[in-house]
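Trainee: Take a look at this one; I'll ask things after.
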Amino acid sequence: MEITCIRPDEIGRETRYLPAETYNLAKTLYLQSGQDALFIAIRSIQYLAIIDAGEIVFVDGTQKNRMDVAWQRFHPNRRQSLHDPVPYDAVYYVEDGNLLMRRIQPAFGEALRLHAARHRQPASDRIAVFRR
């Protein structure tokens, strides 16, 4: 799958914190995909999340090629444990971007969990046997 997105002029930017569970799951699913980008449908709010090595962008389902929000500059090294939230920059390309974030962040976490459940590896692929 390939999607070409337009990155409009930046309207605003703020530092936010992504819950550890969401960050860890996003990174794990992206790395397991083996692709340049992982597409996550967020059906509850009609958005598409696109995860790549450096950022996560959110595209409105009705404006299919325009980015509304991007999450950039993740700093997982600033946390004390894997359970601490991860600071990042939320970049807004639409006027109500900061309001949109109230819907996107929790909906994205739920969409990741649904994606992970649907694409869970068979138990035989998750078991490693070591012999001496």
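The values are calculated or read from the model by the stated rules, or taken from the named source; none is laboratory data. Every value quoted in this text rests on a predicted model; they were computed, and no experiment measured them. Positions of Cβ are generated from backbone atoms using ideal geometry, with glycine treated the same way; all protein chains shown enter the neighbour counts.
Trainee: If Arg79 satisfies all but one of (1) charged (D, E, K, R); (2) surrounded by 15 or more Cβ atoms within 10 Å (Cβ to Cβ); (3) modelled with pLDDT of 95 or more, what's the number of the condition it fails?
Mentor: (3)
Trainee: Of all residues being within 18 Å of Leu100 (Cβ to Cβ) and charged (D, E, K, R) in the range 1-29, which is nearest to the chain's Cα centre (by Cα)? Just the residue, please.
Mentor: For the range 1-29, the residue satisfying everything is Arg16.
Trainee: While we're here: Report, ordered by the first and then the second residue, all pairs with beta carbons closer than 8 Å, sequence separation of six or more or different chains, a first member in the range 10-38 that is on the phi > 0 side of the Ramachandran plot, and a second member that is part of a helix (DSSP H, G or I) and buried (at least 16 other Cβ atoms within 10 Å of the Cβ).
Mentor: As it stands, the answer is none, since no pair meets every condition given.
Trainee: Is it true that Gly12 is farther than 18 Å from His115 by Cα and surrounded by 15 or more Cβ atoms within 10 Å (Cβ to Cβ)?
Mentor: Considered against the rule, which asks whether it is farther than 18 Å from His115 by Cα and surrounded by 15 or more Cβ atoms within 10 Å (Cβ to Cβ), Gly12 comes out as no.
Trainee: To continue, here is another question. Take the residues in the range 85-103 that are outside any loop (DSSP other than H, G, I, E, B) and modelled with pLDDT under 95; name whichever of them is surrounded by the most Cβ atoms within 10 Å (Cβ to Cβ).
Mentor: Top of the filtered list is Gly97.
Trainee: Does Glu55 meet the test of being crowded, with 16+ Cβ neighbours inside 10 Å, charged (D, E, K, R) and either at pLDDT 90 or above or within 21 Å of Glu14 (Cβ to Cβ) (or both)?
Mentor: Considered against the rule, which asks whether it is crowded, with 16+ Cβ neighbours inside 10 Å, charged (D, E, K, R) and either at pLDDT 90 or above or within 21 Å of Glu14 (Cβ to Cβ) (or both), Glu55 comes out as yes.
Trainee: Can you tell me which residues in the range 15-35 are surrounded by 12 or more Cβ atoms within 10 Å (Cβ to Cβ) and more than 19 Å from Ala111 (Cα to Cα)?
Mentor: Arg16
Trainee: Output the number of the condition that Thr4 fails; it satisfies all remaining conditions of (1) farther than 15 Å from Trp71 by Cα; (2) of a type in the set (Ser, Thr, Tyr); (3) not in a loop (DSSP other than H, G, I, E, B).
Mentor: That leaves (3) as the condition not met.
Trainee: Return the residues of the range 61-84 that are assigned to a helix (DSSP H, G or I) and in contact (Cβ under 8 Å) with a residue 24 or more places away in the chain; say none if nothing qualifies.
Mentor: If the condition is that a residue be assigned to a helix (DSSP H, G or I) and in contact (Cβ under 8 Å) with a residue 24 or more places away in the chain, then Pro76 is the only one that fits.
Trainee: Could we say that Thr22 is over 19 Å from His115 (Cβ atoms) and among the hydroxyl-bearing types (Ser, Thr, Tyr) here?
Mentor: In short, no.
Trainee: Give the number of residues within the range 16-58 that are outside any helix (DSSP H, G or I), within 19 Å of His75 (Cα to Cα) and in contact with a Lys or Arg (Cβ under 9 Å, 6 or more places away or on another chain).
Mentor: Residues meeting the conditions: 4.
Trainee: On the basis of being crowded, with 19+ Cβ neighbours inside 10 Å, among the β-branched types (Val, Ile, Thr) and within 10 Å of the chain's Cα centre (by Cα), does Val69 make the cut?
Mentor: Spelling it out, it is not the case that Val69 is crowded, with 19+ Cβ neighbours inside 10 Å, among the β-branched types (Val, Ile, Thr) and within 10 Å of the chain's Cα centre (by Cα).
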